[in-house]
């Protein structure tokens, strides 16, 4: 009888605490295509995602008291690369955004994304988040490190 009570308490705690489910937020690559007639900007750019962001894991609310866990920068990097490749002549993946890396890759601009996500769910019985938003903001600097533009989307 004691073992049954302990099991019941553990199940109750697990149900209240919820758990975290892995989730992937990669975009559908074919949905990112630009019109074939679009003219590319004749510049080479560098996509820079700091190492700490590339591996950053986010846990946010899902449904039913559970949470979802994902790595937004790693999941979205290929999509960012594709979009930049469709807009610019060439894209280099930069491990650093310092003068040496910029000179080594001969980039005219460095693009550093910032990704913010939010999730929630009104569902009590399902763990998947039913409301999920991604806000993307890209800081663009020139080869000298001067701010050129900030491009943002509200997703």
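Only the coordinates and a few stated rules stand behind these numbers; no lab work does. Note that this is a predicted model, so its numbers are computed, not measured. In this analysis, Cβ positions are derived from the backbone assuming ideal geometry, glycine residues included, and neighbour counts consider all displayed protein chains.
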Quotient of Cα radius of gyration and Kirkwood radius for region 22-154, i.e. Rg/Rh, equals 1.04
Sticking with the crude label model, points 7 Å out along Cα→Cβ, report the distance from residue 24 to residue 144 in nm, one decimal please.
-> 4.4 nm
Footprinting exposure proxy for 102, 25 (fewest neighbouring C-beta atoms within 10 Å first) = 25, 102
